[in-house]
Structures are given as structure tokens and as C-alpha cells.
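Right, one structure below, let's go through it.
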Ligand code: 3HC
């Protein structure tokens with residue numbers, strides 16, 4: 001099995017910066033790449049903030065936090081990933097963008113280097129087909145907030161070989177997380193169940209059945225969810241949620257999965273949840 005030492009992460013947003021943090025905390029050298037230095041800096045800042053909180057809470061020493069930061073390199077250059085032996089893509093949920101990234105990674109990364117996508121539900125087979133190594137491409141789906149959530153879904157595309165699955169599983173374990181193994185299908189397993197529930201909460205709000213606060217309180221106290229569905233939607237990001245909902249609807253053609261119009265309206269208004277300061281709630 002391949003021994004991973006340096007991990008590349010593409011996309012320094014919520015998910016990418018979380019993945020980069022977890023990889024660096026686990027001892028890997030990490031190259032975090034985004035298209036704009038502003039995004040790279042924002043990602044690195046959020047990692048520093050999380051590490052500082054750990055120091056303040058006595059969960060790690062200042063020296064340990066500094067060592068984690070030293071293992072991280074931010075960049076806008078795709079070529080900087082050429083020395084990595086496992087690359088995880090966490091760009092926005094647009095299939096054409098992901099395909100272009102995997103095409104480029106195929107050209108830049110050494111043969112045998114494995115490429116993973118953190119897509120929330122797009123086809124791994126389709127993404128893999130655009131690279132020059134479909135057998136070495138896998139879905140590696142993390143959950144938000146990445147430093148806290150224990151699960152990673154591993155998704156095999158049509159061509160993914162067993163060595164890639166095994167290497168990804170070992171990597172997940174070394175990150176201190178647990179893997180579940182899922183066949184390719186729109187939204188895989190967890191989002192297939194979770195996203196329609198979040199969408200339904202939006203319909204309940206839109207139809208005036210209950211307030212946002214009461215819907216969330218209802219699911220926290222009545223179903224023991226750690227956070228209500230509307231607050232969780234704000235945490236995930238409403239733009240991401242809309243992409244994901246649209247994928248499920250388009251891929252299945254089943255009207256029960258149609259995205260709630262209220263979600264579309266909020267995204268069109270630029271209210272994307274916590275990251276933009278406003279979604280179902282104001283932050
Ligand atoms: N980064 C790092 N650590 C974080 C964090 C973040 N963004 N947000 C919270 N934490 C940590 C904090 O360190 C805190 O620990 P501390 O107080 O000891 O420092 C701990 O989590 C608890 O945080 P809070 O006290 O602020 O708040 P909560 O108790 O409400 O916990 C939560 C926050 C962990 C996010 C919790 O609400 C939760 O588990 N929510 C559900 C999350 C969930 O379902 N995620 C899946 C989303 S779906 C997805 O990602 C798939 C995608 O494809 C759409």
C-alpha cells in the first residue's frame with residue numbers, strides 16, 4: 001500500500017481548510033491551494049483560530065500548535081501540489097470545475113498518486129474519467145465542521161481500485177476519523193438521508209407552519225439532534241446545500257427531492273448562512 005507523507009488540499013473554504021487542519025494535526029505535510037491568495041489566507045486564519053482555541057483550552061501546547069502550522073503551506077499555484085502523494089479536492093460543487101481540476105491534477109501529479117474528491121454527492125466516476133488515472137480516484141466525503149465530525153464516507157467510482165480504497169481508509173484512520181464504505185449513488189448515503197430532512201424543514205418554515213426557532217427547537221428537543229435543521233443548513237452553507245439538493249433532484253428525477261423555493265431565494269439574495277453573516281438566522 002502506498003505510504004502517504006504529503007497531502008495536497010484544493011480549496012481553502014470551510015471544508016478544505018478543515019481537511020488541511022486535520023491532515024496537518026495528524027503529522028502530514030500539507031499544501032493548501034486555492035485560486036486567490038485572499039481565500040488561502042482566510043483558510044489559514046481559520047486554522048490558526050481553531051489551534052489557538054485548543055491552546056487556550058489546554059488541549060495542546062503552543063509549541064504543538066506552531067508545529068502544526070509549520071506543516072502547512074498555502075499557495076495559489078497548482079504546480080505546488082506536484083510533490084504531494086495524496087490530493088483531496090474540496091472546491092465548490094460544480095462538476096465542470098471539478099473535472100477541470102482533476103484533468104490538471106492528472107497532468108501535474110506523479111503516476112500512482114491518488115486523487116480524492118470531497119464532493120457532497122456528484123458522480124465520482126464522472127470526475128475520475130476526466131483524470132488520466134480513474135483507478136486512483138475516490139470519493140472522500142468529510143462532514144462539517146471537519147475538525148469535530150468523526151465520519152468520512154469513502155465512495156468507489158466505477159474504476160476505483162482496491163489499493164486506492166485501502167490507502168484512503170488508512171488515511172482516514174490516521175486522521176482520527178472513521179470511514180464508512182458507500183457505493184456511488186446521488187448524494188451517497190448520509191446526505192441522501194440528511195438533505196431531504198433539511199429541505200423539509202425549509203418547507204415547514206416557508207408554509208408558515210412554525211417559526212425557524214421553533215422548528216429547530218423541535219428537532220433538538222424532540223429528536224435529540226445536536227443542532228436544529230435550519231441552523232445546520234446555515235452551518236453547511238445554503239449555496240452548497242442548494243447544489244447538493246439540485247443534484248439529488250436532477251439525478252433521480254423524483255419530485256419529492258425538489259429544492260425548497262425559500263432556499264433558492266436566500267441563495268439568490270446572497271444569504272448563504274454563517275459564512276455570509278446571514279441565512280435562516282443573522283450572525
Ligand atoms: N471548527 C472547529 N471546531 C469547532 C467548530 C469549527 N467550525 N465548531 C465547533 N467546534 C468545536 C468547538 O471547539 C467546541 O468545543 P469547545 O467548546 O470545547 O472548544 C465544540 O465543537 C462544540 O461547539 P459549540 O459549543 O460552539 O457548539 P455546539 O455544542 O452546538 O456544537 C457542533 C457545534 C459540533 C457543530 C454541533 O452543533 C453539531 O454536531 N452539529 C451537527 C453537525 C452536523 O450535522 N454536521 C454535518 C453537516 S452535513 C455535511 O457536512 C455534509 C455536506 O456534504 C453537506
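Summary table below
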quantity: Qualifying residues in the range 105-138 (those that are within 14 Å of the ligand (Cβ to nearest atom) and part of a loop (DSSP other than H, G, I, E, B)) - the one surrounded by the most Cβ atoms within 10 Å (Cβ to Cβ); calculated: 119
quantity: Filter result for the condition that a residue is over 30 Å from residue 4 (Cβ atoms) and buried (at least 19 other Cβ atoms within 10 Å of the Cβ), over 210, 223, 231, 168; calculated: 231
quantity: Criterion violated by residue 59 - all others in (1) in contact with a helix residue (DSSP H, G or I) (Cβ under 7 Å, 6 or more places away or on another chain); (2) within 16 Å of the ligand (Cβ to nearest atom) satisfied; calculated: (1)
quantity: Subset of the range 146-165 (residues that are surrounded by fewer than 20 Cβ atoms within 10 Å (Cβ to Cβ) and either assigned to a strand (DSSP E or B) or modelled with pLDDT under 95 (or both)); calculated: 151
quantity: Lone unmet requirement of (1) over 19 Å from residue 265 (Cβ atoms); (2) away from the ligand (no atom under 16 Å from the Cβ); (3) touching a helix residue (DSSP H, G or I) at 6+ places or on another chain (Cβ under 6 Å) for residue 187; calculated: (2)
quantity: Close pairs (8 angstrom Cβ cut-off, 6 or more residues apart or separate chains): at pLDDT below 95 in the range 243-258, within 16 Å of the ligand (Cβ to nearest atom) and part of a helix (DSSP H, G or I) anywhere; calculated: 244/191; 244/195
quantity: Condition check for residue 47: within 15 Å of the ligand (Cβ to nearest atom), modelled with pLDDT of 95 or more and in a strand (DSSP E or B); calculated: no
quantity: Complete set of residues in the range 62-77 that are crowded, with 17+ Cβ neighbours inside 10 Å and either within 13 Å of the ligand (Cβ to nearest atom) or in a helix (DSSP H, G or I) (or both); calculated: 65, 68
quantity: Residue that is farthest from the ligand (Cβ to nearest atom) [pool: residues in the range 218-272 that are outside any helix (DSSP H, G or I) and within 25 Å of residue 149 (Cα to Cα)]; calculated: 271
quantity: Residue within the range 93-104 that is within 12 Å of the ligand (Cβ to nearest atom) and at pLDDT below 95 present; calculated: yes
quantity: Restricting the range 82-96 to residues that are more than 19 Å from the chain's Cα centre (by Cα) and outside any loop (DSSP other than H, G, I, E, B), the residue that is surrounded by the fewest Cβ atoms within 10 Å (Cβ to Cβ); calculated: 83
quantity: Of all residues making up the range 139-184, the number that are in contact with a strand residue (DSSP E or B) (Cβ under 8 Å, 6 or more places away or on another chain), within 16 Å of the ligand (Cβ to nearest atom) and within 21 Å of residue 20 (Cα to Cα); calculated: 18
quantity: Members of the range 273-283 that are more than 21 Å from residue 90 (Cβ to Cβ) and within 16 Å of the ligand (Cβ to nearest atom); calculated: 277, 280, 281, 283
quantity: Residue 180 free of Cβ contacts under 8 Å to residues at least 60 places away in the same chain, under 16 Å from the mean Cα position of the chain (by Cα) and farther than 22 Å from residue 5 by Cβ; calculated: yes
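A quick yes/no check of all residues on (1) more than 17 Å from the chain's Cα centre (by Cα); (2) farther than 22 Å from residue 91 by Cβ:
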residue	(1), (2)
21	no, no
30	no, no
38	yes, no
43	no, no
46	no, no
51	yes, yes
54	yes, yes
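Condition check ((1) touching a helix residue (DSSP H, G or I) at 6+ places or on another chain (Cβ under 6 Å); (2) closer than 23 Å to residue 243 by Cβ; (3) touching a residue at least 40 places away in the same chain (Cβ under 8 Å)) across all residues:
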{"position": "107", "(1), (2), (3)": "no, no, no"}
{"position": "119", "(1), (2), (3)": "no, yes, no"}
{"position": "132", "(1), (2), (3)": "yes, no, no"}
{"position": "143", "(1), (2), (3)": "no, yes, yes"}
{"position": "163", "(1), (2), (3)": "no, no, yes"}
{"position": "195", "(1), (2), (3)": "yes, yes, yes"}
{"position": "198", "(1), (2), (3)": "yes, yes, yes"}
{"position": "214", "(1), (2), (3)": "no, no, no"}
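The values are calculated or read from the model by the stated rules, or taken from the named source; none is laboratory data. Keep in mind that what you see is a predicted model, and the values were worked out from it rather than measured. Note: ideal-geometry Cβ built from the backbone for every residue, glycine included; neighbour counts use all protein chains shown.
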